[in-house]
1. Collect residues whose amide H, placed 1.01 Å from N in the peptide plane, falls under 5 Å from the amide H of A:Gly162; neighbours closer than 5 in sequence don't count.
2. Would you list, by chain and number, the lysines whose Cα falls below 17 Å from the Cα of B:Lys79, excluding same-chain residues fewer than 8 positions away?
3. Using the Karplus curve 6.51 cos²θ - 1.76 cosθ + 1.60 with θ = phi - 60°, what ³J(HN,Hα) values do you get for each residue of region B:97-107, in whole Hz, with x for Gly and Pro?
4. Mind checking which aspartates and glutamates have their C-alpha under 13 Å from A:Lys36, skipping anything on the same chain fewer than 8 residues away?
5. Please give the net charge around B:Arg9, taking every other residue with its beta carbon less than 13 angstrom from that of B:Arg9, where Lys and Arg add +1 and Asp and Glu add -1.
6. Could you compute how much accessible area chains A and B hide from each other, both sides summed, with a 1.4 Å probe? Nearest 100 Å² is fine.
7. Using 0.36 nm per residue, how much length does the chain from B:Asp68 to B:Lys166 gain when fully extended, once their Cα-Cα distance is taken away?
8. For A:Val184 paired with A:Thr124, estimate the spin-label separation in nm (one decimal), with each label point 7 Å from Cα along the Cα-to-Cβ line.
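The values are calculated or read from the model by the stated rules, or taken from the named source; none is laboratory data. Since this is a predicted model, take the numbers as computed values, not measurements. Note that each Cβ is placed from the backbone with ideal geometry, even for glycine, and that neighbours are counted across all protein chains shown. Just the protein is used for accessible areas: all its heavy atoms, side chains included, with ligands, DNA and RNA removed. Shrake-Rupley method; radii C 1.70, N 1.55, O 1.52, S 1.80 Å.
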Amino acid sequence: MTRESLFNIVMMSLLILFPLWAWIADEPFMITLATKAVILALAGVGLNIALGLGGLVSLGHAAFFGIGGYAMGILASHAQSYSPILESPFLIEGTKSMPVIWLVAIISSGLAALAIGVLSLRTTGVYFIMITLAFGQMLFFFSISWPAYGGEDGLPIYVRNGFPGLNTLDPIQFYGICFAILAVVLFFCARLAKSPFGLALNAARQTAERVETVGISPYRLRLAAFTISGMITGLAGALFADLNRFVSPTMFSWQTSGEIMVFVILGGVARLFGPVVGAALFILLEHLLGGLSDYWHIYLGLLLLLIVLFARGGVIGTFAGKGANHD
Amino acid sequence: MTKVILETRGISKSFGALQASKDVSIDLRAGEIHALIGPNGAGKSTLIKQIAGSLAPDAGQVFLNGQDVTALKTAARAKRGLGRTFQISALAMEDTVLQNVTLGALGAGASPFQFWRAALDDQAMRAVAEDALQRVGLQDHASAMTAELSHGQRRQLEVAVALTLKPRAFVMDEPMAGLGTEGSKRLTVFLDGLRAEAPILLVEHDMDAVFALADRISVLVYGEVIATGTVHEIRTNPDVRAAYLGDEE
């Protein structure tokens with residue numbers, strides 16, 4: 001067993017034991033913090049497919065996070081007000097069913113990622129970063145100027161959406177749902193990295209010319225990776241909106257894109273559990289330092305600087321040594 | 001007449017005032033090694049890029065198996081049977097040797113859009129990959145990281161990846177570069193046998209290897225083919241001796 005596998009097992013155990021402790025100790029706020037970390041980790045796991053495996057530095061993943069969030073917000077707000085989303089040519093009603101909301105979030109963010117990817121993946125480097133950023137900002141300003149769903153003020157949802165057989169208002173049960181989704185997605189990502197698709201995508205990141213020479217189009221690989229990546233981040237957005245029972249344009253902001261990227265870099269780019277460690281550390285710092293100062297991001301920036309300068313493999317790279325993938 | 005597998009007709013390419021390819025027409029026939037030689041800056045690599053599809057010519061056409069592939073990109077040409085090796089190794093350095101050849105096997109066979117089963121668990125792909133490694137003599141380095149290979153071993157791996165594609169024609173850009181005498185000799189013997197599987201368009205500076213292997217040689221100078229012929233014809237051609245080979249006496 002590699003040190004990284006051992007580290008991952010420890011991390012997974014913590015994700016189970018910490019909320020259990022909080023539940024037994026009757027600390028619902030701690031469970032909520034853990035839920036937030038798990039959801040943000042999921043957003044990072046999505047980005048890690050594009051960034052880690054594909055080498056695509058997307059500064060617009062908030063677009064998918066926001067689309068997932070608004071998919072939840074729009075569906076739930078219509079269910080809450082008993083008003084249909086669309087009456088003609090066919091009836092579309094809102095819903096409070098989490099599985100339906102997740103499905104809509106995954107499909108809509110996936111379609112958006114496909115469309116954005118088709119246009120942005122023809123560029124590389126700094127141009128790709130700028131185009132993805134521009135798409136994110138377009139959606140940010142669109143959400144601000146969309147009064148039907150709260151505009152700048154955002155859209156509150158008064159009830160938690162439902163999952164068959166569970167009381168989603170109970171923090172530990174909602175945490176269980178989010179944790180189960182993260183575990184399933186991590187398992188999928190572990191398989192993906194070793195699959196023919198992962199092999200080719202990883203090679204395309206290192207030497208696109210070689211991949212083309214063996215008859216595989218790097219563009220198509222990257223487009224598929226970007227789309228899958230957007231779908232996972234969109235699902236995280238829907239869960240995040242459900243956690244807060246609130247969606248706002250902030251979910252689309254470039255700061256959100258930056259934060260998702262920070263999770264990945266803090267934990268370790270291309271490491272399976274990199275975004276999980278990064279998001280957990282982010283929430284921990286926010287909780288510990290946020291009480292001391294409103295400007296706690298200064299300390300986060302300092303930590304990020306130290307990691308980028310002295311620990312290129314992120315936290316996991318520091319503990320587990322250099323991995324097979326790039327650090 | 002022997003079948004023409006790969007052909008360029010009137011390829012021209014300019015970069016500003018510099019004409020890198022001037023109306024280049026060469027062909028590669030079944031079973032042969034056709035060497036492309038010339039001084040540095042003659043436009044050999046530019047021509048190879050146009051044949052492989054990574055650079056579009058300003059004029060002219062490229063034919064593979066009688067089909068015009070000029071409009072096709074590199075990946076589509078590879079799918080039609082063009083196997084290429086690079087002058088500077090273009091390998092996935094962070095991957096193992098086996099992963100690099102499996103990538104070739106993947107390109108040649110199944111769709112890369114498989115997201116679940118581990119690539120290295122695919123017995124058919126693995127067999128193709130391991131066979132290619134065996135043929136170039138890298139079978140004992142399958143699990144080594146590519147970055148840890150010596151320069152010569154990387155050249156061998158380049159050839160192994162091209163082999164997995166089972167191409168109709170090989171285009172090899174200086175496969176002997178930096179190999180040393182023994183390495184060059186071994187690769188010369190290997191390429192000599194390979195021509196029966198698929199013809200080879202060989203760009204090479206190692207004249208001993210070229211003269212030992214080539215059925216025909218084309219000489220490129222300032223982007224223009226100044227002569228094409230057998231080894232003897234080229235060696236005795238006064239224009240070629242003046243422009244590139246020099247006087248052997």
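1. The list, which skips near neighbours in sequence, is A:Ser97, A:Met98.
2. Correct list for B:Lys79: B:Lys49, B:Lys166.
3. Using θ = phi - 60°, the values come out as 4, 4, 4, 5, 6, 5, 4, x, 4, 5, x Hz.
4. Within the straight-line cut-off, A:Lys36 pairs with A:Asp242, A:Glu286.
5. Values: positive: none; negative: B:Glu7, B:Asp23, B:Asp27, B:Asp68.
It works out to a net charge of -4.
6. Details: alone 15580 and 12100 Å², together 24910 Å².
Looking at A and B, the buried total is near 2800 Å².
7. Numbers: separation 98, 0.36 × 98 = 35.28 nm, distance 2.04 nm.
Between B:Asp68 and B:Lys166, full extension yields an extra 33.2 nm.
8. Placing both labels 7 Å beyond Cα along the Cβ direction yields 3.7 nm.
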